[in-house]
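Notes for the one structure printed next.
The values are calculated or read from the model by the stated rules, or taken from the named source; none is laboratory data. In this text, all values refer to a predicted model and were calculated from it rather than measured experimentally. Note: ideal-geometry Cβ built from the backbone for every residue, glycine included; neighbour counts use all protein chains shown. These accessible areas exclude ligands, DNA and RNA; they are computed on the full protein's heavy atoms, side chains included. Shrake-Rupley method; radii C 1.70, N 1.55, O 1.52, S 1.80 Å.
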Amino acid sequence: MLSWVPLAGVALLWWLFSAGLPTQLPIGVLDQDHSAMSRQLVRFLDATPGLRVARQLPDPHAAAGALTRGELHAVVLIPSGFSRELKLGRAAQLTLLHNAQLGTHSGLIQRDVRTVVGTLSAGVEMAARQKRGEPARGVRVAMEPIKVDMVTLFNPSLNYEQFLAAALIPALLHILAMTAGAWAVGRELRDGTVWSWLGVAPSPAATAGALLGKLAPAWLLLLGVASAGLLWLTGGRGWHPAGHLSWVWLALAALLALSIGLGALVASATASLRTALSATGLITAPAFAFSGVGFPLQSMPAGARAWAEALPYTHYIRLQMEQLQMGAPVSLSAPTLAVFGLATAALLAACVWPLMGASRYPHRWGGR
């Protein structure tokens, strides 16, 4: 759990998002018009990098079955009379049936289908106006009298590797780090080996030294995996972060230290490995969901947002996004790093007295 398992987990998460951009999402087409215009629309859809026309469907029943079975993520319905309506200068209706349960798939498919339909519509309208003798430049202005210049400030390529993999890897290591802290201390209590570890009547200094010696290997091993993952996602993949990579590394090291200290404190305070591992699951498993990456913090209910703000991962991922994606000044991220350092020191110091107390009460050892 400290060597090859974290490394394999990091590699798996990177591999899942290594494509960066979702492409070739399978859709179906139900063409009830069978005209040259409908075939041109199908070719446009299939030529879009994000889409792949996987099936030409014969009837609505086949379309419904393919969507229900998950074989297709969407179906474009081209109604009968589609081409005739366009030739008569009237608006023609297309229908996109999509599975909104898969939010990412649905959003990308809607975007690409709108782009294709908008391109085809503009081409049809421009051709019709030019046939009526309007100049090409005037047609372009009439088609779009107001233009919107949309500028994507951060992650302009919508790269999921840089967005999700870079956020999920620290979340995984956060879970493993707190588990390591809880297990390292809780195992001594469970196995009844506290005296061989701390001595019969340990002093505060001796207890603190023994605790640091026990937790340091876990921190170093997990930090090595985290460093390898961070360097691979950035330099190894040709990504040049906008901010300071060194600050992200320091924050990641501090998050792992804080997580290990938190796990050790729960195990020390409860003198129960089972309770410590349960608390680890409660705190770390939902950390990503509450971090604001997948669902905005501002839209959470007050209780959920308070819980999110209490979790250390929420503050770490904010710092990471500020530095890797946004290029924020260091002064904006420095307070988070300082708080992490102080919190880690406080957690480790708080472990000392419960451990000294546990060494004096052997009857409490052996609890699962």
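Apart from one condition, Thr23 fits all of (1) without any contact (Cβ under 8 Å) to a residue 60 or more places away in the chain; (2) part of a helix (DSSP H, G or I); (3) touching a Gly at 6+ places or on another chain (Cβ under 8 Å); the exception is (2). Among (1) open to solvent by 80 Å² or more (accessible area, probe 1.4 Å); (2) in a helix (DSSP H, G or I); (3) of a type outside the set (A, V, I, L, M, F, W, C), where does Pro49 come up short? Condition not satisfied by Pro49: (2). Only one entry in Ser291, Ser333, Ser272 is open to solvent by less than 60 Å² (accessible area, probe 1.4 Å), touching a residue at least 40 places away in the same chain (Cβ under 8 Å), farther than 22 Å from Ser227 by Cβ and not basic (Lys, Arg), namely Ser272.
Taking the numbered list (1) of a type in the set (S, T, N, Q); (2) open to solvent by 30 Å² or more (accessible area, probe 1.4 Å); (3) over 23 Å from Leu108 (Cβ atoms) in turn, Ser83 passes all entries but (2).
Would you say Ala11 is open to solvent by 40 Å² or more (accessible area, probe 1.4 Å) and not assigned by the TED database to the domain that holds Gly103? I'd like the intermediate steps shown before the answer.
Values: open to solvent by 40 Å² or more (accessible area, probe 1.4 Å): yes; not assigned by the TED database to the domain that holds Gly103: yes.
Spelling it out, Ala11 is indeed open to solvent by 40 Å² or more (accessible area, probe 1.4 Å) and not assigned by the TED database to the domain that holds Gly103.
Of the listed requirements (1) closer than 30 Å to Gly213 by Cβ; (2) in contact (Cβ under 8 Å) with a residue 12 or more places away in the chain; (3) surrounded by 16 or more Cβ atoms within 10 Å (Cβ to Cβ), Ala285 misses just one: (3).
Tell me the residue from Ala345, Ala310, Ala306, Ala350 that is more than 30 Å from Leu189 (Cα to Cα) and either exposed (fewer than 14 other Cβ atoms within 10 Å of the Cβ) or in contact (Cβ under 8 Å) with a residue 60 or more places away in the chain (or both), please. So that I can check it myself, show each step before the final result.
Details: Ala345 fails: more than 30 Å from Leu189 (Cα to Cα); Ala310 fails: more than 30 Å from Leu189 (Cα to Cα); Ala350 fails: more than 30 Å from Leu189 (Cα to Cα).
None of the others qualify; the one that does is Ala306.
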